[in-house]
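Right, one structure below, let's go through it.
Each reported figure results from applying straightforward, stated rules to the coordinates on display, with no laboratory input. It should be emphasised that the depicted structure is a prediction, and the values quoted were computed from it without experimental measurement. Cβ placement follows ideal geometry from the backbone for every residue including glycine, while neighbour counts extend to all protein chains displayed.
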Amino acid sequence: MPRWSVDIVRSRTQHLGTVEAATKNAAIEKAAKLFNVDPARQNRIVVTRMALPISLSDDQLTTITNAAEVLHPRDRTAFMEAVAARLQEQAIGDGIIGRLCRELQAQFLRPPS
């Protein structure tokens, strides 16, 4: 079951903790009960799905890092996040990582100006 990070927006955003729930709405309901949030303030609860850790070999991580290095510095984080998101969806292997990096690198590559 997915884990969700729970915050509440008051004068500042405050982290409340984590909950496990199948959907975003279920996570909000569970957080409201678990953290005793008044019904009038439940619309201030913000939940963010937490990604599972990805186990990569040194060579696999180097492949991803090398693919990101040729991108514009502003695009590197988004590229890495896109690779991580796509790796959550499938089995991980050297060939898959190479293919994903080629596909996503083409999407993020900016021609020189």
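Data overview
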quantity	calculated
Ratio of Rg to Rh over region 58-108 (Cα coordinates, Kirkwood Rh, two decimals)	0.92
Förster-model FRET efficiency, 30 Å R0, Met1 and Leu61, C-beta, rounded to 0.05	0.60
Percentage of interatomic Cα-Cα distances in the chain larger than 17 Å	63
Net +/- balance of residues flanking Glu81 in space, Cβ distance below 14 Å, scoring K and R +1, D and E -1	+2
Largest to smallest principal axis extent of the C-alpha atoms in region 3-50, angstrom	28, 19, 14
